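Shown next, in structure tokens, is the structure this report addresses.
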Amino acid sequence: ARTALVLSRFLRLHHAIAEAEALDEATLATAIGSGDRDLEAQALIALAGDAFCSGRFEVSYRFDRDAAEILSETGDAEALGRTLHNLGAITTLLRRFDEADEYLVRSESILKRIDDRRGLGWVAFRRGFRSSAIGDLAASERYFVESLELRRVADDRSGLASSLVSLATVHTRRGNFREAALLLADCLQMSRTHGFTLRVVEASERLAHVAF
């Protein structure tokens, strides 16, 4: 069953969502039938990912919420912290900002306790998006800077590139075009070095439109 989860993740990454979902539903049925609560939580998280990738955010929310309840019982702190982060991301997209903040605060508390720097980088990044969505650009900038620092420590280079682009977006919205251009240039150089093709395209396009 756990091999099926690995395969479904591969399918999801290659946009074969229906096939991934069928595997994950079968894994969930196996987990429930055997009483394997850890596997049940993993299958629910995978199904949440399937729903998220196909734009069914409410469905994704319900799967992740159910997974978080199980993980609270089983005591898997890392998985719980990251699932709470996912719930914060989904509720931000659903514009349920107070709820998103509650999930992200809970996620941050757990991930700090286990010193998960990569996970904390994601939480800070997501809080930056939430702040931007409610128009608090000062807070958004602060959180994106925090995510940069955490991702440098965790050597999360892909995440670092994402943070650079997002921070550049905030600077552009605030009229700080020179700072935005420098951040995009850093992202472009890093993305070329590490083969982050999509980030190369994104950073190049944004850099071309920044006026300073």
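The values are calculated or read from the model by the stated rules, or taken from the named source; none is laboratory data. Note that this is a predicted model, so its numbers are computed, not measured. Cβ sites come from the backbone with ideal geometry, for glycine too, and all protein chains shown count toward neighbours. Only protein heavy atoms, including side chains, enter the accessible area calculation; ligands, DNA and RNA are left aside. Shrake-Rupley method; radii C 1.70, N 1.55, O 1.52, S 1.80 Å.
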Compactness summary of region 91-147: radius of gyration and Dmax from Cα atoms, Å, are 10.9, 32
With every protein chain kept in place and a 1.4 Å probe, the chain has an accessible area per residue in Å² of 51 Å²
One finds, for Lys112 and Leu137 with R0 = 30 angstrom and r their Cβ-Cβ distance, a FRET efficiency to the nearest 0.05 of 0.75
For the pair Val6 and Arg173, the simple spin-label estimate (label points 7 Å beyond Cα toward Cβ) gives in nm 4.1 nm
Cα gyration tensor of region 1-106 diagonalised, 5x eigenvalues square-rooted, in angstrom largest first, produces semi-axes 22, 17, 10
Its Cα gyration tensor gives the chain an equivalent ellipsoid whose semi-axes in whole Å, largest first, are 33, 19, 15
At 20 °C and 1.002 mPa s, the Stokes-Einstein diffusion coefficient in µm²/s for region 90-212, with hydrodynamic radius from the Kirkwood sum on alpha carbon pairs, is 146 µm²/s
Using a 1.4 Å probe on heavy atoms of the protein chains only, the accessible area for Glu108 in Å², nearest 10, reads 30 Å²
Residue separation between Asp98 and Ala208 times 0.36 nm, minus their alpha-carbon distance, gives in nm 36.0 nm
Measuring from the longest principal axis of the C-alpha atoms of the chain, the long axis of helix 197-209 (C-alpha) lies at a number of degrees, nearest 10, equal to 30 degrees
The percentage of the accessible area of the chain (probe 1.4 Å, all protein chains present) made up of carbon and sulfur atoms, to the nearest whole number, is 53 percent
For the Thr74, Arg157 Cβ pair and Förster radius 30 Å, calculated FRET efficiency rounded to 0.05 is 0.40
On each of the three principal axes the extent of the alpha-carbon atoms of region 1-44, given in whole Å and largest first, is 31, 14, 14
Relative to the chain, whose Cα atoms define the longest principal axis, helix 137-154 and its Cα axis are tilted in degrees, nearest 10, by 70 degrees
